[in-house]
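The values are calculated or read from the model by the stated rules, or taken from the named source; none is laboratory data. As the structure is a prediction and not an experimental result, all values here were calculated from the model. Backbone-built Cβ (ideal geometry, glycine too); neighbour counts: all protein chains shown. Note: accessible area is taken over every heavy atom of the protein model, side chains too, but ligands, DNA and RNA are not part of it. Shrake-Rupley method; radii C 1.70, N 1.55, O 1.52, S 1.80 Å.
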Amino acid sequence: MNQIDARELMRDVLPKLRATRSLIDSTLKKRIATCDDEEESHRLTVLQDEFALEMTMIRLNLEHLLKRYEDQLEAANRGDQFFSSPILIMDDAEAMAIERAKRLYVRAHQLQTR
């Protein structure tokens, strides 16, 4: 069964996803703008498109998860002691989106250090 703690989702996964989007946008845009090699510029543009597509898939699946558990997540975010469960059950697509978001975060940091 695929599950995630609501607090982990709100305090770890979602902030890292926002940071990933920012890292990808700023790093790749800067590298493309300053690239003199046409082949490398094309490779970076394709990479930017791949990241954008991956982010879209992740965002759509996470929006689905957030909508299904909106009440629990709001309660967890407020720190309420009495919400139904901090554990959210995910469908396969949502679980895959969480895993992909984590991997994308690592890839974005690797991209920045190159």
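Would you pick out the residues in the range 39-50 that are out of contact with any helix residue (DSSP H, G or I) (no Cβ under 7 Å at 6 or more places or on another chain) and among the hydrophobic types (A, V, I, L, M, F, W, C)?
Val46, the sole residue that qualifies.
Could you tell me whether Gln72 is in contact with a Ser or Thr (Cβ under 9 Å, 6 or more places away or on another chain) and open to solvent by 50 Å² or more (accessible area, probe 1.4 Å)?
No: the conditions fail for Gln72.
Modelled with pLDDT under 90, surrounded by 14 or more Cβ atoms within 10 Å (Cβ to Cβ), farther than 30 Å from Ala75 by Cβ and not small (Gly, Ala, Ser): is that true of Asp5 in this structure?
No: the conditions fail for Asp5.
Of everything in the range 13-39, what is over 30 Å from Gln3 (Cα atoms) and open to solvent by less than 50 Å² (accessible area, probe 1.4 Å)? Give them in sequence order.
Listed by number, the residues that qualify are Thr27, Leu28, Ile32, Cys35.
Could you tell me whether the range 47-61 includes any residue that is among the aromatic types (Phe, Trp, Tyr) and over 18 Å from Lys102 (Cβ atoms)?
Taking every residue of the range 47-61 in turn, none turns out to be among the aromatic types (Phe, Trp, Tyr) and over 18 Å from Lys102 (Cβ atoms).
Can you name every residue in the range 40-63 that is open to solvent by 60 Å² or more (accessible area, probe 1.4 Å) and of a type in the set (Asp, Glu)?
Asp49, Glu50, Glu63
Exactly one condition in (1) modelled with pLDDT of 95 or more; (2) surrounded by 11 or more Cβ atoms within 10 Å (Cβ to Cβ); (3) under 17 Å from the mean Cα position of the chain (by Cα) is false for Asp92; which is it?
The one condition Asp92 does not meet is (2).
Being in contact with a helix residue (DSSP H, G or I) (Cβ under 7 Å, 6 or more places away or on another chain) and of a type in the set (A, V, I, L, M) is true for just one of Leu66, Leu53, Leu14. Which residue is that?
Leu66
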